[in-house]
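A quick write-up on the structure given underneath.
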Number of protein chains: 2
Amino acid sequence: MVKKISSIAQRSLALHKKLRGKIEVSAKTNVRTRDDLALVYTPGVGAVSMAIAKDPKLADQLTWKRNSVAIVSDGSAVLGLGNIGPLGALPVMEGKSVIFKQFSKIDAVPIVLATQDTEAIIATVKAISPTFGAIQLEDISAPRCFEIERRLADELDMPVMHDDQHGTAIVALAGLLNALKIVRKKSTAIRVVCSGAGAAGVAIAKLLHAVGVSTIILCDTKGAIFAGRSDLNPSKQELASFTNPKHERGSLEQVIAGADVFIGISKPGVLTPAMIKTMAKNPIIFALANPTPEIMPDEAIAAGAAVVATGRSDFPNQVNNALCYPGLFRGMLDTGIKKVDDAIKIRAAKAIAGFIKTPTPTRIIPTIFDRGLHQAVAKSVKR
Amino acid sequence: MVKKISSIAQRSLALHKKLRGKIEVSAKTNVRTRDDLALVYTPGVGAVSMAIAKDPKLADQLTWKRNSVAIVSDGSAVLGLGNIGPLGALPVMEGKSVIFKQFSKIDAVPIVLATQDTEAIIATVKAISPTFGAIQLEDISAPRCFEIERRLADELDMPVMHDDQHGTAIVALAGLLNALKIVRKKSTAIRVVCSGAGAAGVAIAKLLHAVGVSTIILCDTKGAIFAGRSDLNPSKQELASFTNPKHERGSLEQVIAGADVFIGISKPGVLTPAMIKTMAKNPIIFALANPTPEIMPDEAIAAGAAVVATGRSDFPNQVNNALCYPGLFRGMLDTGIKKVDDAIKIRAAKAIAGFIKTPTPTRIIPTIFDRGLHQAVAKSVKR
């Protein structure tokens with residue numbers, strides 16, 4: 001496995017060296033004559049500018065705004081690599097831009113930031129926002145990501161979504177809905193235990209709560225989060241208010257007993273075969289830590305897991321944000337809906353889940369290449 | 001003329017409606033297979049990110065940074081249209097992006113701002129700067145543009161240039177050098193009178209001073225600017241320190257007497273045939289107000305002008321920033337030079353001027369379409 005990853009790393013470095021940038025800004029029209037220039041630029045463009053100045057909504061029809069997304073990152077939580085800064089984040093954001101274009105024809109511009117200050121990030125994104133139709137926040141560490149997303153969603157009249165939270169949550173929910181069909185359990189009558197209360201963990205808990213999952217318990221490194229635990233930051237206090245209804249205390253090992261579902265967005269090794277054996281019948285295991293899952297799929301299956309998903313493309317059932325965001329932003333831009341609410345997230349998850357007609361343990365989630373997937377997600381935005 | 005402009009306006013509006021954005025973000029590589037995805041995005045991109053995190057200079061080789069420019073405007077002084085705001089500015093910035101790509105293969109991203117506050121603009125541009133290789137400031141009104149450009153050039157380790165100032169100044173100087181050849185005068189022994197002390201006027205005065213023009217007098221709406229005039233803002237005080245050496249006072253009409261060169265970056269009608277008749281022999285008239293010049297070329301010639309330039313594409317000798325910026329930024333990005341100093345500006349002006357082997361009164365300035373022009377400007381950056 002190490003060898004394989006190292007070979008991918010070498011080939012990826014070589015590809016990046018060759019391309020010197022995976023994306024480019026292209027002209028959709030040529031300027032070959034003085035007349036072309038007069039239409040694309042001055043004096044002709046003056047009429048376009050004046051028309052928009054009089055009626056700003058015309059920018060949606062006369063500029064790239066309605067098809068463009070800023071992919072904003074401060075480089076503080078890049079992939080599983082940690083706080084590697086804006087330049088280290090740039091190739092990842094370029095990769096997202098490639099995916100946006102290829103799968104939903106969106107013009108996505110990486111914007112990597114020289115600041116990791118919450119207020120400075122909010123001010124910067126607000127300042128550049130007229131250029132774009134929507135904002136995707138990316139690889140910004142918790143808990144700053146919560147405040148940044150909430151404030152921008154409130155203060156800007158355009159879709160703002162932190163992909164590490166909601167992209168992951170939507171795709172995880174999609175997978176869970178199909179996994180539950182396989183084991184014939186209802187989402188409203190399951191016990192879900194999550195390991196990890198960072199950006200993705202919080203968003204998953206909120207979305208599971210929104211679809212009516214009755215018992216959700218999150219564990220951080222200190223064990224179960226419950227209302228009244230003395231060391232909770234504001235984001236975990238909020239979590240405690242709607243999860244863990246019986247105020248259960250204890251370690252992951254203790255609270256996982258009897259659980260129907262485990263969702264890990266934490267780190268390798270936190271889930272053991274022995275813990276799986278204490279879970280309810282036909283347990284569902286989502287071990288999403290990247291690149292090394294909380295437990296390897298073969299071990300989980302040997303311990304009795306009915307369905308296993310990971311974050312990796314080399315195992316079945318990859319929980320991959322890229323199944324969601326190209327279509328979701330396409331739908332938001334096309335409909336002109338400005339807020340990404342729970343109803344939209346749930347519809348997107350159902351669109352992804354519904355793309356698989358007959359779920360099996362090795363196919364609960366489509367792949368990014370499934371024809372029609374991104375269009376289905378885009379369509380789901382408009383109810 | 002009104003009819004012609006109106007027809008261009010209609011056709012330009014129609015083109016913009018059809019295109020819905022003159023530029024797009026394109027992928028330089030396809031993602032068709034799981035392997036493609038592993039190289040362009042995770043897991044392969046992780047190695048690229050880590051390599052850059054360890055050595056940030058590698059971003060120049062492994063991302064689009066070294067070929068990308070942000071075109072930043074707050075929409076406060078768009079073309080001749082005034083303060084029409086960021087959305088009104090967007091089609092102009094898209095037009096500049098088209099020109100950047102077509103003439104020098106640069107990836108230029110419009111960034112239009114929701115703020116016109118000097119400090120907020122500086123903070124925003126600094127925050128997004130890691131994404132780009134250079135910053136072009138555009139259509140930001142005086143005097144804020146001076147402070148914004150100076151601070152960003154000082155505080156960022158990358159080229160920063162306000163095009164309305166220096167693009168105009170460089171191309172005007174190029175034209176002037178060729179016009180002086182026609183009338184056989186030396187740049188060091190001429191009297192130049194400028195009408196307009198905004199962004200372009202200030203930059204022209206500075207660049208003429210840098211090439212050794214002995215007498216430069218700028219007029220604003222209150223007449224000649226001289227050291228000690230009681231109503232000067234800081235930018236005009238600085239101008240007064242190196243222009244108008246004899247502290248001449250009076251209106252444009254008074255100080256233009258005996259001048260060899262008139263440069264207008266002001267408004268229609270400020271220059272009359274009678275004034276031209278008071279100038280030195282073979283006067284050179286640059287009437288650059290847009291879209292209506294300070295005097296129409298036929299009137300200027302009838303009054304004795306030896307050479308006339310305007311800002312318009314439908315008359316000979318168009319002083320057009322687009323002759324300069326594609327090549328200049330190409331040269332800055334390719335050489336890795338971080339500061340646009342006077343020496344670079346003068347070399348760029350000479351490269352543009354030198355592109356015309358035998359200047360004539362109707363051809364002192366090349367056009368944007370002249371083959372090899374932009375490469376020559378790019379080459380001039382590297383001395």
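Checking region B:214-228 against the condition returns a match, with at least one residue being touching a Leu at 6+ places or on another chain (Cβ under 8 Å) and of a type in the set (G, A, S).
So is A:A27 within 30 Å of B:T29 (Cβ to Cβ), touching a Cys at 6+ places or on another chain (Cβ under 9 Å) and either within 7 Å of another protein chain (Cβ to nearest Cβ) or among the small types (G, A, S) (or both) or not? So A:A27 does not fit the description; no.
Please verify whether A:K18 is of a type in the set (K, R), surrounded by 16 or more Cβ atoms within 10 Å (Cβ to Cβ) and out of contact with any strand residue (DSSP E or B) (no Cβ under 6 Å at 6 or more places or on another chain), treating the condition exactly as stated. Considered against the rule, which asks whether it is of a type in the set (K, R), surrounded by 16 or more Cβ atoms within 10 Å (Cβ to Cβ) and out of contact with any strand residue (DSSP E or B) (no Cβ under 6 Å at 6 or more places or on another chain), A:K18 comes out as no. Evaluate the following for B:R184: is it at negative phi, modelled with pLDDT of 95 or more and surrounded by fewer than 23 Cβ atoms within 10 Å (Cβ to Cβ)? So B:R184 fails the test.
The helices (runs of 4 or more DSSP H) found wholly in region B:1-104 and carrying at least 2 residues that are over 31 Å from the mean Cα position of the chain (by Cα) and within 19 Å of B:G133 (Cα to Cα) occupy B:45-54. If the condition is being surrounded by 24 or more Cβ atoms within 10 Å (Cβ to Cβ) and either in a helix (DSSP H, G or I) or in contact with a His (Cβ under 8 Å, 6 or more places away or on another chain) (or both), then region B:187-206 contributes B:A199, B:A200, B:G201, B:V202, B:A203, B:I204, B:A205.
Mind checking whether some residue in region B:22-39 is closer than 25 Å to A:A127 by Cα and either surrounded by fewer than 22 Cβ atoms within 10 Å (Cβ to Cβ) or in contact with a Leu (Cβ under 7 Å, 6 or more places away or on another chain) (or both)? Yes, because at least one residue in region B:22-39 is closer than 25 Å to A:A127 by Cα and either surrounded by fewer than 22 Cβ atoms within 10 Å (Cβ to Cβ) or in contact with a Leu (Cβ under 7 Å, 6 or more places away or on another chain) (or both).
Go through region B:107-130 and count every residue that is at the interface with chain A (Cβ under 8 Å from one of its Cβ atoms) and in contact with a Leu (Cβ under 7 Å, 6 or more places away or on another chain). Selection size over region B:107-130: 9.
Only residues that are part of a loop (DSSP other than H, G, I, E, B) and either among the basic types (K, R) or within 21 Å of the chain's Cα centre (by Cα) (or both) were counted in region A:238-250, giving 2. Residues in region B:338-348 that are touching a residue at least 60 places away in the same chain (Cβ under 8 Å) and either in a loop (DSSP other than H, G, I, E, B) or not charged (D, E, K, R) (or both): B:K338, B:K339, B:V340, B:I346, B:A348. Tallying residues that are over 25 Å from B:A134 (Cβ atoms) and not small (G, A, S) within region A:105-138 yields 6. Scanning region A:63-80 for residues that are within 8 Å of chain B (Cβ to nearest Cβ) and hydroxyl-bearing (S, T, Y) yields A:T63, A:S68. Being among the basic types (K, R), crowded, with 22+ Cβ neighbours inside 10 Å and either in contact with a Cys (Cβ under 6 Å, 6 or more places away or on another chain) or within 22 Å of B:A47 (Cβ to Cβ) (or both): is that true of A:K65 here? Here the answer is no, as A:K65 does not meet what is asked. May I ask you to verify whether B:G88 is closer than 30 Å to B:I368 by Cβ, of a type outside the set (S, T, N, Q), in contact with a Ser or Thr (Cβ under 9 Å, 6 or more places away or on another chain) and surrounded by fewer than 21 Cβ atoms within 10 Å (Cβ to Cβ)? Against the criterion (closer than 30 Å to B:I368 by Cβ, of a type outside the set (S, T, N, Q), in contact with a Ser or Thr (Cβ under 9 Å, 6 or more places away or on another chain) and surrounded by fewer than 21 Cβ atoms within 10 Å (Cβ to Cβ)), B:G88 does not qualify.
Residue-level check: of (1) farther than 22 Å from A:Q165 by Cα; (2) at the interface with chain B (Cβ under 7 Å from one of its Cβ atoms); (3) of a type in the set (D, E, K, R), A:K101 misses just (1). When region B:360-383 is filtered for residues that are assigned to a loop (DSSP other than H, G, I, E, B) and polar (S, T, N, Q), the ones remaining, listed by number, are B:T362, B:T367. Restricted to region A:318-337, and to residues there that are more than 16 Å from the chain's Cα centre (by Cα) and part of a loop (DSSP other than H, G, I, E, B), the residue that is farthest from the other protein chains (Cβ to nearest Cβ) is A:I337. For region A:81-98, the set of residues classified as more than 18 Å from A:V69 (Cα to Cα), more than 8 Å from chain B (Cβ to nearest Cβ) and modelled with pLDDT of 95 or more consists of A:N83 only.
Filtered by the rule that a residue be within 21 Å of A:G264 (Cβ to Cβ) and either without any contact (Cβ under 8 Å) to a residue 60 or more places away in the chain or not in a loop (DSSP other than H, G, I, E, B) (or both), region A:224-237 gives A:A224, A:I225, A:F226, A:R229, A:L232, A:S235, A:K236. When each of B:H209, B:H247 is tested for being in contact with a Phe, Trp or Tyr (Cβ under 6 Å, 6 or more places away or on another chain), surrounded by fewer than 18 Cβ atoms within 10 Å (Cβ to Cβ) and over 21 Å from B:A169 (Cβ atoms), the lone residue that passes is B:H247.
So, of the residues in region A:105-136 that are among the acidic types (D, E) and not in a helix (DSSP H, G or I), which turns out to be farthest from the chain's Cα centre (by Cα)? Checked region A:105-136; the qualifying residue farthest from the chain's Cα centre (by Cα) is A:D117.
One residue stands out among those in region B:138-159 that are within 14 Å of another protein chain (Cβ to nearest Cβ) and either outside any loop (DSSP other than H, G, I, E, B) or touching a strand residue (DSSP E or B) at 6+ places or on another chain (Cβ under 6 Å) (or both): the one that is surrounded by the fewest Cβ atoms within 10 Å (Cβ to Cβ), which is B:E155. Taking each residue of region B:368-383 that is farther than 18 Å from B:K357 by Cβ and touching a residue at least 24 places away in the same chain (Cβ under 8 Å) and looking for partners that are crowded, with 21+ Cβ neighbours inside 10 Å and of a type in the set (K, R) with beta-carbon atoms closer than 6 Å, six or more apart or interchain, yields B:A378/B:R330. The set of residues in region B:46-62 being farther than 18 Å from B:K338 by Cβ and within 8 Å of chain A (Cβ to nearest Cβ) consists of B:G46, B:A47, B:V48, B:S49, B:M50, B:A51, B:I52, B:A53, B:L62.
When A:T33 is tested against (1) at the interface with chain B (Cβ under 7 Å from one of its Cβ atoms); (2) free of Cβ contacts under 8 Å to residues at least 24 places away in the same chain, exactly one condition is not met: (1). Among the residues examined, B:P56 does not qualify as at pLDDT 95 or above and buried (at least 21 other Cβ atoms within 10 Å of the Cβ). Taking first residues from region A:296-318 that are in contact (Cβ under 8 Å) with a residue 60 or more places away in the chain and partners that are buried (at least 18 other Cβ atoms within 10 Å of the Cβ) and of a type in the set (S, T, N, Q), the Cβ contacts under 6 Å between residues at least 6 apart in sequence or on separate chains come to A:A309/A:N317.
The values are calculated or read from the model by the stated rules, or taken from the named source; none is laboratory data. As the structure is a computational prediction, the values presented were derived from the model and not from experiment. Here Cβ is always computed from backbone atoms with ideal geometry, including for glycine, and neighbour counts include all displayed protein chains.
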